Every structure is written in structure tokens, then in C-alpha cells.
1. Calculate one ³J(HN,Hα) per residue across the stretch B:311-323 by plugging θ = phi - 60° into the Karplus curve 6.51 cos²θ - 1.76 cosθ + 1.60, and present them in order as whole Hz with x for glycine and proline.
2. Report, by chain and number, residues whose modeled amide H sits under 5 Å from the one on B:ILE245, excluding near sequence neighbours (fewer than 5 apart, same chain).
3. For the protein assembly as shown, just list the percent of Cα-Cα distances falling in each 20 Å bin from zero outward, please.
4. So which aspartates and glutamates pass the test for B:LYS166, namely a Cα distance under 17 Å, with those fewer than 8 places away in the same chain ruled out?
5. Along Cα→Cβ, 7 Å out, is where each label goes; now give me the distance between the ones at A:GLN171 and B:ARG69 in nm to one decimal.
6. Take every Cα-Cα pair in the stretch B:132-245 and report what % of them are more than 18 Å apart.
7. Which FRET efficiency value, to the nearest 0.05, is calculated for A:LEU222 and B:ARG260 with the Förster distance at 35 angstrom and r the Cβ-Cβ distance?
8. Can you give me the relative contact order of chain B as a percent, contacts being Cα pairs under 8 Å and 6 or more apart?
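Laboratory data are not the source of any read-out in this text; all were calculated from the coordinates shown. Worth saying up front: this structure is predicted, and the values here are computed from it rather than measured. All Cβ positions, glycine included, derive from the backbone under ideal geometry; neighbour counts span all protein chains shown.
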Amino acid sequence: MLGFIVRRSLSGLLTLAAVSVVSFAIIILPPGDALTTYISQIMAATGEMTPEMQRQIEHMQDQYGFNDPLYVQYFKWVRGIVVAGDFGWSFATLRNVSDFIWGLMANTLILIFASMAFIYLLAVPIAFYSAVRPYSLIDYMATFLGFLGLAIPNFMLALFLMFAAYSLTGQVSVGMFSAQMETAAWSVARVLDLLRHIWIPVLVIGSAGMASVIRILRSNLLDELNKPYVQMARAKGVPEWRLLIKYPLRIAINPLLSTIGFLLPDLFGATIIVSIVLGLPTVGPVFLSALLNQDMYLAGSIVLLIAAATIIGTLVSDILLALADPRIRYE
Amino acid sequence: MATPSLRADASTLVEVTDLHVEFPTREGVVHAVRGVSFAIREGETLGIVGESGSGKSVSSQAMLRILPRPGRISRGSIRWHQRLPDGAVRATEITELGDRSSQMNALRRREMSLIMQEPMSALSPVHTIGNQIVERLRLGGSMTRAEARLKAIDLMRSVGIPNPEKRIDAYTFELSGGMRQRAMIAMAIGNAPRLLIADEPTTAVDVTIQAQVIRLLQSLQDSLRMSILIITHDLGVVATLAHRIAVMYRGEIVELGPVRDILKDPRHPYTQGLLRSVASLETSDEDSVATIPGVVPHPFEVVPGCPFHPRCSAFMPGVCDRVAPERTRLAPDREVRCHIYQSRA
């Protein structure tokens, strides 16, 4: 088991290294370097270059290696991240990327994990019931609602829920926190405040992802229910519900564990649109504006962080799968 | 042939009368079992022989009430005789119990048990052997987990699994085919059931293991004094293990009687065909192995009269294809379902 984790972690690190090259490629993709764009923006705005600015520009030139060959630039960028957690300079917001990226990432991950929890907590019992009572009214309703969630565009559902919440409560529920909680330190009150706001985006993102989870689990379970080991457990006199949970559900859930990894990028994609519509302080809208403004250090950093989160998610789902299924552990 | 003799006064353990099982499907109703009657006495081994699709497994699944969907018992009775601690006998009508009722589960936990053809698929791949044996032991009696584990190790040793202290924590895929089959038998005999239903226990293992499994079942029957219902298409297996055999064709028992009598003197044309089609060392190359002409009709097909008449060598036109034959008693313990013998009755 330990060997398995070490092997998977190493291959995760390799993937991360490859992704960092791709992220860097995105950074240097636009013609000209970011610094030149920055200088010309300043020149256009103020018409002159103060000595102080001149020093700052020289310092950056040295720090990010704009005059060096590409591979040196790449290594300077990576060293900055690894040694000092420095992701580079955001030329559009005139701040260090690392100064504000972590808060946005935290909000994004909170939203993604809340949606994931919502999906699994609801989809697993629904799929379980649908498989045990196939072609029942509830089975058809679950299928119908699942496809409805899949078919309605996220932005539309988000707008509708926003409108519904406004009509019912008279309050515009946007953002992830109330104004006074926006920058407060984490506390019980802040978590409660988060829960009051987050249900709309979670509902929107979750409803889109739920259908596929229900379909996968339902069909897995239907396959397992007819396996001889289920009949055998019945012949042993195991009470039916205990039997269904201990044997077929336990086995049908395994393939689902491996989907956690690739559900992450899907959910990230969903957070972008939902965050723009609902004005959520996540990475999504910042990512979009960074790409529009050619703020390449910011865009590249976001790509890198999201990729890292996906790699870690995949690693975790691999480990969970190995824990749950001895057949995989022993391969 | 060392068939142990049965006490003549042995009482009946289970009595199946006119059992019908059907599977309503979208394409039509499949009548898998059509009026099967047999009894199993205490300490007796009954062998049910037949081709695939003859309803032999379905009959045993009906006894355990574990018919796969959408199968259901449409008619008939399965009467279970339970011996109470004070010596009295309580009869339970299994067909009247709910298939998930606690009374049915009580019978499954203590009175009867099942071993299946393929232990690899009949045991859960994600639970250890020990987990599954302990589960059965704890369902059958009030045992702590630790007691059940010790008992499970004993059981595994008694079915000939070497090093059971280690193997108890193994998963099915870590064991060989023979060891898996033994583990399943250990689980089945866990609560000293009075009937062991063995559904093709030797089909999925190779020949050397087959002999071991049969010897194991024989010695377990001697030591536990349980009855065995063995379902197989292998006449060699029933010849070694069974006291009596029932030959099934298309959901009906066509011939029933003591194993020696039937093997020596088969009466039903189907049984005669089955026995001829067994390859033996005496079979010369020229006349190779005999086969029964034709194929088993499709389950949806309605065959009027005797179900075997389209393939029968003794077919009597106007009789066999019109009238279904009745059960005819040839001797106190022997019956056949064929028109040839009906006139004599």
C-alpha cells in the first residue's frame, strides 16, 4: 500500500512538472514580453519614466529573467514558486500574484468541495434507490430531474435562483459572504454566513454534475445486484438492507471513487460561469479577466494551481480506490 | 461405488409438492419449473440431474426463496420439517413466507445453506474470506466476533484449508480455485445446517479438485449427519454421492428413484439417452459417444403433451404429442413420467 502511494505520488509530481511547462508556455505565449507591455502602458498613462520606476523595472527584469533565454526564465519562475511562493507579478492589478491568489483559490475549492459533497450526498442515495426499485416512480423522477439539471444551462439556473431568492426574501443573494464578512477571519459566524450564501451556486453546479453520477452508479448497481455473491448473501440470511449496503453498493461505488479526480476540472469550469453570474470571489472571473488583459503571470499561475488541485484530487481518488478495493491494491 | 445406505426410518426433512416457478418477461412467461415433486429425508443425498435450462437450479433457488427477478413460485408447496430442541417437529410452509421475512432468514441461517458453482463470483471480491464466514456464523447464533473468528478458523481447517490462521484474512482472488471452493463449503456448513444445497459444486473446478470436493462433501455428511441436495449435469458425481436421483427435463422430473436402480435400469427414454451419452473406456472409437437427437426447445415454446416427445426414440404419435404423461409409480421408491409405463399402472 505504501509503495502504491509513493509510486502514485511520484507520477503525480512528474505530471505537475509537465503541467508547469505548459503553464509557462501560456505565460510567454503572447507576442512581446509582459514587461514591455507594462512599460508602454505606464508611458502612455504618465508620459514619463521616473527613476524609481526605472529601478523597479530593472529589478523585475533581473528577478524574472526577461533578458535571459526561455529555459532560464522558466527555472527562475519555478524557483520563485518553490522557494518563496512567488508566482510572479500581475501587471494588470499591479500586485504580486501570490498576494491575492490564495484567498481566491480557497473560495474556489470551498465551492468545488461543497458542490461535490452535495452531488455525492444526494446522488448516492438516489441512485441506490433507483437501482433497488428500477422503473419505479421515484426512479423515473430521479432520471427526469437529473437530465433536467444536465440540460439547463448553469447561468440560466443561477439567474433563476437569484431571482427566486430575491422574490422570496427581498434580498439580493450574491457573493459568497456578506459585506461585513468578506474579509473577516474564519470563525463560526463566517462559516454560517458562507452557508447562507453558498447554497445557490452549489445547487447550480451540483444539479449539472449530479445526473452523470446517478447514471453511473445506478447502472453499476443494477449490474452488481444480479451477481451470484448477492444471491449467496441472501441465501445466508443477511437482512436485505444490510446486504445491499455491504455487498453491491460497496462494490458499485468503487468506479465512482475514480471519477472524483476528473470531476474536479469539470466543476472548476462550472464555477467560472456561475461565479461571473453570481459575483463570487473565486478564481474563475479573475482567470477570465487575466486572459482578456494578457495578464499572463496571473493566468499561468491559475492554470498551474488548478492543475495541481486536479492532480492531488486524482491522487486522493486513486488512494481511496485502493483502500476500498483490494483487487486494485494488489496489482 | 460406496454409496452409504440410508436408515429406512429416516424422517422427511423437506417435501416439495407440485412446485411451479415462472418468470414473467416482456416476451412472455417462461415456465422454468412445471409441477416438480420430491422429498429429501434426513441424512439423505438427493441428486438432481439435467441439462442446463431444465429447471434444476431454479428449483433449489425456490427452496431458499432466492429466485432471481422476476421469478416467482406460482403454485405448489415446499414443506420444511424443523426439529425443535424438545424433539417435536414443526412444519413450515416455505411458499407462504415472504422472501425477506425473518422466518425465512431464520431457516436460511440455521437450517439450510448453499454452495454455488463458481466460488470466485459467489464470494464478495472486496471482503475477506474470514469476514464472510464470520458473518454467517454470527447470523446463525449469538457469537462474539472473536469467537466467530476462532470458529471460522476451525471450520476452514476441517474442510482441509492449510494454514487457516493466515488464509482467513485472504481475499478470494488470493486463493486457488480448490481453496475458494473449500472456503465456500466452510461458510456453508458454518451453522451445521440440516440441508446443504450444492448447485454444480464440481463444474468449475478441475478433475483432481472435483474428486476432493466430492470426498469432502461425503465426509462432512457423515460427521454432520446433514442432508444434501446436489444439482449437477455430471452423472458420475451423482453416482458417487447420491442415494437417489431425480432426472429433470424442461422443468419436470421425468424419473425419480434410487441411484443404483436408475443407473442400472433407466426407464425413461430421456434417462436412457443421458446414460448412453456418457463417454466411458468401453466406448469404442467407431460408435463414439451417443447423443440425444434434437435440442431442448426454446423456453417460450409450448410443447403439447410430453415435453420430451420431439426428441424421443419411443415416440408414440397421437399419444405423446397430445397428452401430458402422469407420474407412474414403478416401485415404492421409484417413479417415471412416461406414457410407455402409464398403461401398466
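1. Once rounded to whole Hz, the list reads 10, 7, 7, 10, 4, 10, x, x, 10, 5, 8, 10, 10.
2. Amide H neighbours of B:ILE245, under 5 Å, 5+ apart: B:GLY47, B:GLY257, B:VAL259.
3. Result, from short to long distances: 15, 34, 24, 17, 8, 1, 0 percent.
4. Result set, ordered by chain and number: B:GLU147, B:ASP154, B:GLU174.
5. Here the answer is 4.5 nm between the modelled labels.
6. Every Cα pair in the stretch B:132-245 considered, those over 18 Å come to 50 percent.
7. 0.15
8. Value for chain B: 19 percent.
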